[in-house]
Amino acid sequence: MPNAFLTFFYTGLSPKAPGTAGSLLAVILGAGIIRYISMETLVLLSILFTLMAVKQINAYEATSGNHDDGRIVIDEVVGVWIALILSSGTLFQIVLSFAFFRLFDIWKPSLIGKIDKDVKGGWGVMGDDMLAGVVAGICSAGTFQLFGYFSNTLLK
């Protein structure tokens, strides 16, 4: 069974929507880190967690023979943190980052799905969620900017 790190404090053991449970805890912790510590800390934690996760996922897969176990949600954690890094600040942006990340993580369009299917091992598990986080962060930032532009234009 995956450990507390890979299941992100056992949120991956949630009987329903473990990826969403892990992402929700991650977005709460990530927003807190940005607000009360620093953005740089979240960036460094994302890098550290990625490297640790790849190693632990490779070890888990070697012993279990199970690729991308649904209980492993550390990939969602890093993905949603990447989205927050690219587009955080307001509560609206945090909510957008979470929503877009879950959309792209579940839908897996284009290269996100290709990574999910074709890349094996820890980098395969982590890679699709990392790219989903990049796309989610960009979409969140863009939506926030468009919302601000149209709200300012319509209110004048």
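The values are calculated or read from the model by the stated rules, or taken from the named source; none is laboratory data. Treat the numbers as computed from the prediction; the structure is a model and nothing was measured. In this analysis, Cβ positions are derived from the backbone assuming ideal geometry, glycine residues included, and neighbour counts consider all displayed protein chains.
Going through segment 109-127 one residue at a time, which ones are crowded, with 18+ Cβ neighbours inside 10 Å, closer than 22 Å to LEU24 by Cα and not small (Gly, Ala, Ser)?
Passing the criteria: ILE112, ASP116, VAL125, MET126.
Which numbered condition in (1) free of Cβ contacts under 8 Å to residues at least 24 places away in the same chain; (2) farther than 24 Å from GLN145 by Cα is the only one that LEU91 fails?
(2)
Here are PHE104, PHE49, PHE92, PHE100: which of them is among the aromatic types (Phe, Trp, Tyr), out of contact with any Gly (no Cβ under 9 Å at 6 or more places or on another chain) and crowded, with 19+ Cβ neighbours inside 10 Å? Lay out the reasoning, then the answer.
Numbers: PHE104 fails: out of contact with any Gly (no Cβ under 9 Å at 6 or more places or on another chain); PHE92 fails: crowded, with 19+ Cβ neighbours inside 10 Å; PHE100 fails: out of contact with any Gly (no Cβ under 9 Å at 6 or more places or on another chain).
Result of the check over PHE104, PHE49, PHE92, PHE100: PHE49.
With the structure loaded, tell me whether SER14 is under 18 Å from ILE82 (Cβ atoms), without any contact (Cβ under 8 Å) to a residue 40 or more places away in the chain and among the hydroxyl-bearing types (Ser, Thr, Tyr) or whether it fails that test. Can you show your working first?
Numbers: under 18 Å from ILE82 (Cβ atoms): no; without any contact (Cβ under 8 Å) to a residue 40 or more places away in the chain: yes; among the hydroxyl-bearing types (Ser, Thr, Tyr): yes.
Criteria not met by SER14.
Give the residues of segment 117-130 that are without any contact (Cβ under 8 Å) to a residue 24 or more places away in the chain and either of a type in the set (A, V, I, L, M, F, W, C) or more than 16 Å from SER23 (Cα to Cα) (or both), sorted by residue number. Before you say what the answer is, go through the steps one by one.
Taking segment 117-130 and keeping what is without any contact (Cβ under 8 Å) to a residue 24 or more places away in the chain, we get 117-119, 127.
Within segment 117-130, LYS117, ASP118, VAL119 qualify.
Take LEU44 and decide whether it is closer than 22 Å to GLU61 by Cα and surrounded by fewer than 21 Cβ atoms within 10 Å (Cβ to Cβ).
On the way: closer than 22 Å to GLU61 by Cα: no; surrounded by fewer than 21 Cβ atoms within 10 Å (Cβ to Cβ): yes.
No, not satisfied.
Can you name the number of the only condition in (1) modelled with pLDDT of 95 or more; (2) in contact with a Phe, Trp or Tyr (Cβ under 7 Å, 6 or more places away or on another chain); (3) of a type outside the set (A, V, I, L, M, F, W, C) that GLY122 fails?
(2)
Would you kindly identify the helices (runs of 4 or more DSSP H) lying entirely within segment 1-120 that contain at least 1 residues that are over 19 Å from LEU131 (Cα atoms) and under 14 Å from the mean Cα position of the chain (by Cα)?
18-36
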